[in-house]
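The values are calculated or read from the model by the stated rules, or taken from the named source; none is laboratory data. Computed from a predicted model, the values in this text were never measured in an experiment. Cβ placement follows ideal geometry from the backbone for every residue including glycine, while neighbour counts extend to all protein chains displayed.
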Amino acid sequence: MKTIVIANWKMNPATFREARKLFEATKKIADSAKSIAIVVAPPALYMRELRGAYMGARISFAAQNACFELGGAHTGGVSLAQIKDARVQYVLVGHAERRAAGETNEDTGKKVAAALAAGLVPIFCVGETKRSGSGEHFLFVKDQLRAGFASVPPAKASRVIVAYEPVWAIGSDAAMSPRDMHEMAIFIRKTVVEVCGESGHKVQILYGGAADETNAADMLRDGDVRGLLVGRASQDAGRFAALIRALGDA
Ligand code: PEP
């Protein structure tokens, strides 16, 4: 299985012209990194056109969010069917910034199940807002995982990608240590197996939170993760190239 790196552009850049420029640079980076699967998550407004114009096979696309309803009166929403129709394969579910805007654990469970039913791959984001000496963050993540996988048929559990992103590391100066990530990865796998059975062992786990060229390789080597979810460092072509270079033949 290839290492996967997701470029989360969030609500950037401000113009489609800049988005096209960033995508052109990302294409070159992807062409030079054949052992890494790169997934670009652009703003919804840019996604369809970028995807439609892309003839290569080195980059896949992800929507940053989706509604779980099939259609109807959901002003501002983007449906899973619309994402599929744009030939996009992945969808982020439960990103910390969506949760901060009101998305609940229950919502994420509906979205993960609906994404699988629609034939999309959910990238299910979990992570505690703070850490405590008594280990409450494990319970927090456990609740998120239980809710997210609650309606996932056991046979499909291994299709879900779990992106562990401690909220305190997102947008911060420092990533979590690979050793702590390793501990959390074991915990995540154990919890998914409890909910979904043995197929949970096959769930692919990613790390996100201040990932960049200084910490990416260590995280992949020692963190027990198969890839990274990258925010800021993916929105600058120079930084993204440096990160991918740092991964070498990961
Ligand atoms: C993110 O957007 O999920 C993220 C991890 O952001 P950053 O890499 O900027 O911390």
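For residues in the range 182-215 being part of a helix (DSSP H, G or I) and among the polar types (S, T, N, Q), which is surrounded by the fewest Cβ atoms within 10 Å (Cβ to Cβ)? Top of the filtered list is Ser199. Summed over the range 99-124, the residues that are within 15 Å of the ligand (Cβ to nearest atom), surrounded by 18 or more Cβ atoms within 10 Å (Cβ to Cβ) and among the aliphatic types (A, V, I, L, M) give a count of 1.
Of the numbered criteria (1) in a strand (DSSP E or B); (2) surrounded by fewer than 21 Cβ atoms within 10 Å (Cβ to Cβ), the one Ile38 fails is (2).
Evaluating Gly238 against the criteria (1) modelled with pLDDT of 95 or more; (2) part of a helix (DSSP H, G or I); (3) more than 16 Å from the ligand (Cβ to nearest atom) leaves one unmet condition, (3).
Does Ala155 satisfy being more than 17 Å from the chain's Cα centre (by Cα), within 26 Å of Tyr54 (Cα to Cα) and not aromatic (Phe, Trp, Tyr)?
When the stated conditions are applied, Ala155 does not pass them.
Pairing residues of the range 1-16 that are over 17 Å from Val91 (Cβ atoms) with residues that are at pLDDT below 95 and surrounded by fewer than 21 Cβ atoms within 10 Å (Cβ to Cβ), at Cβ distances under 6 Å and at least 6 apart in sequence or on separate chains, gives Thr3/Ala250.
Can you find, within the range 172-191, the residue that is nearest to the ligand (Cβ to nearest atom) among those that are within 26 Å of Gly231 (Cα to Cα) and among the basic types (Lys, Arg)? By that ranking, first place goes to Arg179.
Could you say whether any residue in the range 136-150 is without any contact (Cβ under 8 Å) to a residue 40 or more places away in the chain, buried (at least 18 other Cβ atoms within 10 Å of the Cβ) and closer than 16 Å to Ala63 by Cα? Among the residues of the range 136-150, not one is without any contact (Cβ under 8 Å) to a residue 40 or more places away in the chain, buried (at least 18 other Cβ atoms within 10 Å of the Cβ) and closer than 16 Å to Ala63 by Cα, which makes the answer no. Inside the range 192-207, residues that are touching an Asp or Glu at 6+ places or on another chain (Cβ under 9 Å) and either polar (S, T, N, Q) or away from the ligand (no atom under 13 Å from the Cβ) (or both) make up a count of 2. When the range 101-124 is filtered for residues that are assigned to a strand (DSSP E or B) and without any contact (Cβ under 8 Å) to a residue 60 or more places away in the chain, the ones remaining, listed by number, are Val121, Pro122, Phe124.
Looking only at the range 75-98, filter to residues that are assigned to a helix (DSSP H, G or I) and in contact (Cβ under 8 Å) with a residue 40 or more places away in the chain; which one of those is surrounded by the fewest Cβ atoms within 10 Å (Cβ to Cβ)? It would help to see each step written out before you state the result.
In the first step, residues of the range 75-98 are kept if they are assigned to a helix (DSSP H, G or I); the result is 80-85, 96-98.
Then keep just the ones that are in contact (Cβ under 8 Å) with a residue 40 or more places away in the chain; that gives 80, 96-97.
Values: Leu80: 25, Ala96: 23, Glu97: 19.
The residue in question is Glu97.
Every condition in (1) within 16 Å of the ligand (Cβ to nearest atom); (2) touching a Gly at 6+ places or on another chain (Cβ under 8 Å); (3) at negative phi is met by Ala210 except one, and the failing one is (3).
Within the range 219-235, take every residue that is in a helix (DSSP H, G or I) and basic (Lys, Arg) and give me the one that is nearest to the ligand (Cβ to nearest atom). Top of the filtered list is Arg232.
Considering the range 125-163, and only residues there that are more than 21 Å from Leu229 (Cα to Cα) and not in a helix (DSSP H, G or I), the residue that is farthest from the ligand (Cβ to nearest atom) turns out to be Pro153.
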